[in-house]
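Each remark here refers to the structure printed beneath this line.
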Amino acid sequence: MAELPELEYLRKVFERELSGKRIIEAEVLLPDQVHVLVEGDFADRLTGLKVTKVRRRGPFILLRTNAKDRLVVKPAEEGHFKFPGLGTRRPRTLVFVVHMEGGPRLWFLDPAKTAEAYLAAKDKLDDVPGLMEQGADPLGKNFSPERFHRIARHNPDLTIRQMLMDETQISHIGHVYADEILHRASIHPQAKVSAVSEDQLDRLYDAILDTLEAACQTIEDRAQPIENTVRDFLRVWNRKGEACKRCGQPIKSLKIEGVEAFLCSKCQVKPKKSK
Ligand SMILES: [Zn+2]
């Protein structure tokens, strides 16, 4: 899953590389994953339009154009963009291509075939499944401590990890950053929300902001090509058996809802009983 700091980096690169430029060519290679929700076809609609702004909404990247068309992409599990060098062979995972006047060429690829792209009208964005049902952006102004406490009060029966990952409440924290945030806040992923104290919630709120902001900065500083996913700086995710950076205990993993979650069982003690 493309996580928030990774998409935020993509947004910044796209703002720099695509904004203000005209699309001179567009092509769909895997039409099952590209949904044209406007009249006409993808290439005809986009060719000649200018990209005016690039935004992120939860797990979606949106390219605004100077017409009513919006190109909306949800990379999902393995979808990723690439600026291919000249002569790069087109792989079978290539979903669509957009060429900008004077460069660059932009590819969207998806080995997992779970990503979706939409060409939608700006006044019909609710036709894009999930787009308008996103909760508060943790890096946005609306994500206040009060709102976070309210979300917790309304979801007492969820586990804290489920609550963090519910896109309709907080958009968006995937399983990678859920692990990082919970480790930073020293809360067990399977703790019931009702068993988490007000103090712990405050700590968790700070951990969300601190973890995501620091990750955005690190990924931006590393300035890798956009097809690279930078996660080697993370503290618990995918570090099973390595020493916890805080206490030295080996990091453990747990299968939670089919996904491997990583934690330190010394720093993140599971509450014995829910209130
Ligand atoms: Zn630890």
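The values are calculated or read from the model by the stated rules, or taken from the named source; none is laboratory data. All figures in this text were calculated on a predicted structure; none of them were measured in a lab. Here Cβ is always computed from backbone atoms with ideal geometry, including for glycine, and neighbour counts include all displayed protein chains.
Would you confirm whether or not region 251-263 contains a residue that is assigned by TED's automatic domain parsing to the domain that holds GLN162, in a loop (DSSP other than H, G, I, E, B), surrounded by 17 or more Cβ atoms within 10 Å (Cβ to Cβ) and within 18 Å of the chain's Cα centre (by Cα)?
Looking for residues that are assigned by TED's automatic domain parsing to the domain that holds GLN162, in a loop (DSSP other than H, G, I, E, B), surrounded by 17 or more Cβ atoms within 10 Å (Cβ to Cβ) and within 18 Å of the chain's Cα centre (by Cα), one finds none in region 251-263, hence no.
Which condition number in (1) out of contact with any strand residue (DSSP E or B) (no Cβ under 7 Å at 6 or more places or on another chain); (2) under 18 Å from LEU263 (Cα atoms); (3) assigned to a helix (DSSP H, G or I); (4) not β-branched (Val, Ile, Thr) is the one that ASP232 fails?
Looking at each condition in turn, ASP232 falls short on (3).
Okay, residues lined up against (1) within 21 Å of LEU62 (Cα to Cα); (2) modelled with pLDDT of 95 or more; (3) touching a Lys or Arg at 6+ places or on another chain (Cβ under 7 Å):
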position: ALA117; (1), (2), (3): yes, yes, no
position: GLU146; (1), (2), (3): no, yes, no
position: LEU164; (1), (2), (3): no, yes, no
position: ILE170; (1), (2), (3): yes, yes, no
position: ARG184; (1), (2), (3): no, yes, no
position: ILE187; (1), (2), (3): no, yes, no
position: ALA191; (1), (2), (3): no, yes, yes
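Under 6 Å by Cβ, and 6 or more places apart or on different chains, what pairs join a residue from region 82-108 that is assigned by TED's automatic domain parsing to the domain that holds LEU10 with one that is polar (S, T, N, Q)?
If the second residue must be polar (S, T, N, Q), the pairs left are VAL95/GLN33.
For region 32-67, give me each residue that is of a type in the set (S, T, N, Q) and surrounded by 15 or more Cβ atoms within 10 Å (Cβ to Cβ).
GLN33, THR47, THR65
Residues in region 260-273 that are within 14 Å of the ligand (Cβ to nearest atom), closer than 15 Å to GLU180 by Cβ and not aliphatic (A, V, I, L, M): how many?
Total meeting the criteria: 4.
Read through the list (1) part of a helix (DSSP H, G or I); (2) within 13 Å of the ligand (Cβ to nearest atom); (3) among the basic types (Lys, Arg), then give the number of the only condition that ARG203 fails.
(2)
Give just the number: which of (1) part of a helix (DSSP H, G or I); (2) in the same structural domain as ARG239 (by TED's automatic domain parsing); (3) surrounded by 12 or more Cβ atoms within 10 Å (Cβ to Cβ) does ARG153 not satisfy?
Exception for ARG153: condition (3).
I'd like the residue in region 241-259 that is without any contact (Cβ under 8 Å) to a residue 24 or more places away in the chain, closer than 12 Å to ASP179 by Cα and not β-branched (Val, Ile, Thr) and, out of all such residues, is farthest from the ligand (Cβ to nearest atom).
So, considering only residues that are without any contact (Cβ under 8 Å) to a residue 24 or more places away in the chain, closer than 12 Å to ASP179 by Cα and not β-branched (Val, Ile, Thr), the one farthest from the ligand (Cβ to nearest atom) is SER253.
List the strands (runs of 3 or more DSSP E) inside region 1-75, counting only whole elements, that have at least 3 residues being touching a His at 6+ places or on another chain (Cβ under 8 Å).
Passing ranges, in order: 23-28.
Would you say LEU234 is touching a residue at least 24 places away in the same chain (Cβ under 8 Å), under 13 Å from GLU3 (Cβ atoms), within 16 Å of the ligand (Cβ to nearest atom) and surrounded by 14 or more Cβ atoms within 10 Å (Cβ to Cβ)?
Against the criterion (touching a residue at least 24 places away in the same chain (Cβ under 8 Å), under 13 Å from GLU3 (Cβ atoms), within 16 Å of the ligand (Cβ to nearest atom) and surrounded by 14 or more Cβ atoms within 10 Å (Cβ to Cβ)), LEU234 qualifies.
If you check ALA214, ALA185, which single one turns out to be under 17 Å from the mean Cα position of the chain (by Cα) and over 24 Å from PRO111 (Cβ atoms)? If you could, list the steps in order and put the result at the bottom.
Values: ALA185 fails: under 17 Å from the mean Cα position of the chain (by Cα).
Testing whether each residue is under 17 Å from the mean Cα position of the chain (by Cα) and over 24 Å from PRO111 (Cβ atoms) leaves just ALA214.
Inspect region 164-179 for any residue being in the same structural domain as LYS50 (by TED's automatic domain parsing) and among the aromatic types (Phe, Trp, Tyr) and give the result as yes or no.
No, that holds for no residue.
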